[in-house]
Amino acid sequence: MKVLVLNCGSSSIKYQFMDTAEKITLAKGMVERIGMASAVLTHTPHGKEKIRIVGEILDHSIAIEYVIAVLLSPNHGVIKDKKEIDAVGHRVVHGGETFSDSVLITDEVMRVLKENIELAPLHNPPNIKGIQAATEHLPNTPQVGVFDTAFHVKMPPHAYLYGIPFELYKKYKIRRYGFHGTSHFFVAHRAAEILGKPIEELKIITAHLGNGCSMAAVDHGKSVDTTMGFTPLEGLLMGTRSGDMDPSVILYIMGKEGLSLAEANTLMNKHSGLIGVSGESSDMREIETAVQEGDKKAKNAFDLFTYRIKKYVGAYTAAMGGLDALVFTGGIGENSIMVRRDVCSNLEFIGIKFDEKLNENVSGECAISTEDSKVKVLRIPTNEELVIALDTEKIVKEQLAHSK
Ligand code: ADP
């Protein structure tokens with residue numbers, strides 16, 4: 001099946017056109033600066049050079065029209081007819097408590113997605129716009145929503161409830177949702193395949209470390225806990241987000257500095273994390289360079305970042321009563337030699353024997369623990385688009401079988 005995977009943000013759309021049988025990307029690209037006069041579309045057909053088109057793209061509908069046009073283009077395209085797009089798979093950030101699996105988009109699903117806007121005010125509106133635009137241009141093509149939250153929705157109550165009055169959970173659905181679900185799902189399953197064991201027999205910790213960072217405890221194939229919470233702010237230190245802290249800190253700062261709710265939100269989400277602590281950068285590569293040059297604030301930020309990951313490795317090992325594999329993924333997890341080394345140091349007591357040489361020479365999916373390490377440490381590049389494409393295919397085929 002050929003699936004167009006869309007990840008729609010407020011001013012950008014990332015796309016991949018995938019062949020699920022071959023598990024390959026036929027073309028991929030991105031539309032940036034939607035709504036501005038000089039929007040940019042970059043497009044790379046499989047095995048060919050990247051092209052760049054600059055023009056006015058006023059909204060998501062026009063952006064998707066461009067994406068379809070470039071897929072059809074005689075010079076840079078990969079299809080001859082729109083009908084070759086068998087289905088569209090949308091990344092949707094927040095499925096709330098309703099969606100524990102991907103769904104075929106219907107009017108009823110759209111109604112629930114709109115209800116969930118309150119839970120993800122930054123992310124769900126552009127996701128909804130993307131679905132509407134794709135439906136407008138491909139009215140006869142099935143559209144499927146794949147949720148970042150779905151993998152975590154069935155966590156046990158002791159992992160998802162907060163220690164606040166229960167009525168507030170009931171009234172406002174305040175609970176841990178967790179995000180990056182497609183990535184945690186993908187790398188946990190790949191880890192099981194690499195280890196040659198059914199995922200139902202394994203205890204795995206997955207660390208997705210990118211600009212946003214989260215970890216998940218995947219026990220017998222199920223996410224039983226994850227570091228992000230009600231919003232993607234909780235848990236690990238991130239590029240610009242604080243992660244865990246005593247909630248009183250923010251109340252105290254609001255009082256002292258006279259911050260409004262919106263300003264406090266911006267402080268925690270945009271000016272904290274690596275950039276806040278280091279005063280340098282939210283980008284791990286720049287933090288590492290500064291650390292190597294002896295910058296003390298950058299070192300604090302780096303240490304805070306890795307220490308918190310290590311802390312959760314301990315916590316999740318205890319939560320699952322053991323550990324078989326620790327997986328690193330995401331821009332930092334896949335590429336940072338220093339982060340992986342720091343996180344894995346002194347973890348022999350839980351069975352991790354780290355291999356410095358393997359860690360310095362990674363490529364593709366690989367182990368960075370020694371042959372005889374009881375707990376395997378793996379580097380696995382994530383592929384969220386493939387999960388979305390395969391899930392889309394599964395849902396569409398189920399639907400077809402149902403309607404026969
Ligand atoms: P996003 O979460 O936006 O998808 P990525 O997964 O691409 O982001 O991760 C971006 C992060 O990965 C940045 O902090 C970047 O510095 C970091 N990164 C990328 N390459 C390296 C590298 N070679 N060493 C250390 N960090 C890296």
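The values are calculated or read from the model by the stated rules, or taken from the named source; none is laboratory data. What you see is a predicted model, and the numbers here were worked out from it, not measured in a lab. So basically every Cβ, Gly included, is an ideal-geometry build from the backbone, and we count neighbours across all protein chains shown. These accessible areas exclude ligands, DNA and RNA; they are computed on the full protein's heavy atoms, side chains included. Shrake-Rupley method; radii C 1.70, N 1.55, O 1.52, S 1.80 Å.
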Study note, to complete from the structure: If we ask which residues in the range 88-140 are out of contact with any strand residue (DSSP E or B) (no Cβ under 6 Å at 6 or more places or on another chain), open to solvent by 20 Å² or more (accessible area, probe 1.4 Å) and either in a loop (DSSP other than H, G, I, E, B) or of a type in the set (Asp, Glu) (or both), their number turns out to be 15
Point to revise | Asp342 in contact with a Lys or Arg (Cβ under 9 Å, 6 or more places away or on another chain) and within 16 Å of the ligand (Cβ to nearest atom) | key: yes
Check your understanding: How many of the residues in the range 245-254 are of a type outside the set (A, V, I, L, M) and open to solvent by less than 60 Å² (accessible area, probe 1.4 Å)?
Key -> 0
Practice item. Within the range 371-390, track down each residue that is open to solvent by less than 30 Å² (accessible area, probe 1.4 Å) and either closer than 30 Å to Thr317 by Cα or of a type outside the set (A, V, I, L, M) (or both). Key: Ser373, Val375, Val377, Leu378, Arg379, Ile380, Leu386, Val387, Ile388
Review point. Going by the structure shown, is Leu251 within 28 Å of His158 (Cβ to Cβ), aliphatic (A, V, I, L, M), within 15 Å of the ligand (Cβ to nearest atom) and part of a helix (DSSP H, G or I)?
Key: no
